[in-house]
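Trainee: My questions all concern the structure below.
The values are calculated or read from the model by the stated rules, or taken from the named source; none is laboratory data. These figures come from a predicted structure and were not determined experimentally. Cβ placement follows ideal geometry from the backbone for every residue including glycine, while neighbour counts extend to all protein chains displayed. Calculation scope for accessible area: heavy atoms of the full protein, side chains included, ligands and nucleic acids excluded. Shrake-Rupley method; radii C 1.70, N 1.55, O 1.52, S 1.80 Å.
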Amino acid sequence: MDTRFDLTIEEAAALLSAGEVVAFPTETVYGLGADATSETAIAKIFTAKGRPSDNPLIVHIGSTEQLSQVVSEISDTARQLMDAFWPGPLTIILPKQAGIPENVTAGLSSVGVRIPAHPVALSLLQAVKLPIAAPSANVSGRPSPTQARHVTEDLSGKIAGILDGGAADIGLESTVIDCTSTPPMILRPGGVTQAEIEAVIGTVHMAVSLQDPESAPKSPGMKYTHYAPHAPLFQVRGSDAFFQRVIAEAQVAGRRVGILVPAEQRDHRADCVLICGSTKDLAAVSKRLYDALREFDQHELDVIYLAPFYAEDLGEAITNRLQKASGHRVIEE
Ligand code: TXA
Ligand code: MG
């Protein structure tokens with residue numbers, strides 16, 4: 001398939017209306033969109049990404065007036081979250097409307113919905129007037145795309161087109177909150193933090209499997225390895241001296257080592273040192289993270305070690321993605 005790289009919003013909307021698959025920018029990551037009311041259009045997303053069919057998609061809308069096309073019921077709590085965080089990086093799981101085909105939700109009776117805050121995404125969704133299902137626009141298992149060129153790397157030739165809207169502002173996927181349970185449960189940490197949510201609706205739960213990878217996944221997407229570069233990746237926990245020792249031992253064993261560190265630790269030596277923001281500016285870390293994970297693939301590395309990043313607020317989402325990228329492999333002092 002010829003992929004078009006120079007789409008206007010009107011052309012992207014026309015392709016989506018015609019049942020084609022188009023990548024578009026959001027404030028979190030690029031999405032791979034298709035008409036959420038068309039089973040055949042949705043099937044093309046799974047084929048292009050190589051995505052397992054038991055992992056449901058998020059449906060994007062351009063205004064709350066479109067909600068009735070997607071969900072059958074809106075609780076007061078969900079309404080409060082929408083008022084507080086939409087448009088923005090929060091996906092809300094609610095009972096599904098009958099018109100949404102089974103392959104959008106992997107057969108679940110619930111559906112995830114959000115209004116993105118990116119001006120290009122909003123114009124596109126308002127122009128196309130259809131709910132648009134969109135997972136992240138990467139090949140399954142690869143880091144999510146935060147720039148149009150990441151989409152090109154993964155999906156060129158496999159989709160109808162790409163709408164370029166520059167680098168994504170947040171760089172990590174939306175927070176996913178299940179509002180079909182009481183209290184609501186965060187299934188994936190993201191751009192909106194637990195503290196911000198609790199300030200609006202009171203106590204919420206965090207899915208247990210976020211802490212314990214062995215327990216049963218609540219959200220189907222939680223059980224797959226994600227965001228991974230080609231070389232095996234490990235989180236390292238301990239002192240700076242321990243981190244440097246882990247690197248040195250691998251190099252002595254003849255391995256080419258890549259490391260991901262915050263700017264404060266730029267003095268560590270390795271075959272490839274990628275700096276990812278500063279621990280004092282977690283927004284900068286999240287914006288750069290997936291680009292850095294992709295960059296490792298240009299350096300023919302045998303192993304990649306990740307320095308610890310702070311685990312509070314936005315750091316919760318960052319740590320969650322690093323855990324997934326490493327397949328929960330940790331080297332502890
Ligand atoms: O920021 C984002 O959310 C981006 C942009 C494009 O909006 N999209 C995104 O989609 O990250 P995706 O498919 O990569 O992640 C969707 C996540 C998965 O973990 C999936 O399992 C979960 O949302 N999910 C979707 N519908 C669900 C449902 N009905 N119940 C439980 N989890 C659901
Ligand atoms: Mg994804």
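Trainee: Does Ala34 satisfy being free of Cβ contacts under 8 Å to residues at least 40 places away in the same chain and either surrounded by fewer than 23 Cβ atoms within 10 Å (Cβ to Cβ) or within 15 Å of ligand 1 (Cβ to nearest atom) (or both)?
Mentor: The answer is no for Ala34.
Trainee: Taking Ala317 as the residue in question, decide whether it is within 23 Å of Ala168 (Cβ to Cβ) and free of Cβ contacts under 8 Å to residues at least 60 places away in the same chain.
Mentor: No, not satisfied.
Trainee: If you take the residues of the stretch 236-287 that are touching a Leu at 6+ places or on another chain (Cβ under 6 Å), under 12 Å from Tyr305 (Cα atoms) and in contact (Cβ under 8 Å) with a residue 40 or more places away in the chain, which of them is surrounded by the most Cβ atoms within 10 Å (Cβ to Cβ)?
Mentor: The qualifying residue surrounded by the most Cβ atoms within 10 Å (Cβ to Cβ) is Leu260.
Trainee: May I ask you to say which residue of Pro213, Pro217 is part of a loop (DSSP other than H, G, I, E, B), within 11 Å of ligand 1 (Cβ to nearest atom), at pLDDT below 95 and surrounded by fewer than 21 Cβ atoms within 10 Å (Cβ to Cβ)?
Mentor: Pro217
Trainee: With respect to Val59, is the statement that it is over 30 Å from Ala84 (Cβ atoms), open to solvent by less than 40 Å² (accessible area, probe 1.4 Å) and within 22 Å of the chain's Cα centre (by Cα) true?
Mentor: Against the criterion (over 30 Å from Ala84 (Cβ atoms), open to solvent by less than 40 Å² (accessible area, probe 1.4 Å) and within 22 Å of the chain's Cα centre (by Cα)), Val59 does not qualify.
Trainee: While we're here: Ile100 - would you say it is in the same structural domain as Glu198 (by TED's automatic domain parsing), in contact (Cβ under 8 Å) with a residue 24 or more places away in the chain, assigned to a loop (DSSP other than H, G, I, E, B) and of a type in the set (A, V, I, L, M)?
Mentor: yes
Trainee: Go through (1) open to solvent by 20 Å² or more (accessible area, probe 1.4 Å); (2) in contact with a Ser or Thr (Cβ under 8 Å, 6 or more places away or on another chain); (3) of a type outside the set (Phe, Trp, Tyr) and name the single condition Thr28 misses.
Mentor: (1)
Trainee: Regarding Arg149, is this residue of a type in the set (D, E, K, R), surrounded by fewer than 20 Cβ atoms within 10 Å (Cβ to Cβ), in the same structural domain as Asn55 (by TED's automatic domain parsing) and under 16 Å from Gly171 (Cα atoms)?
Mentor: Yes, satisfied.
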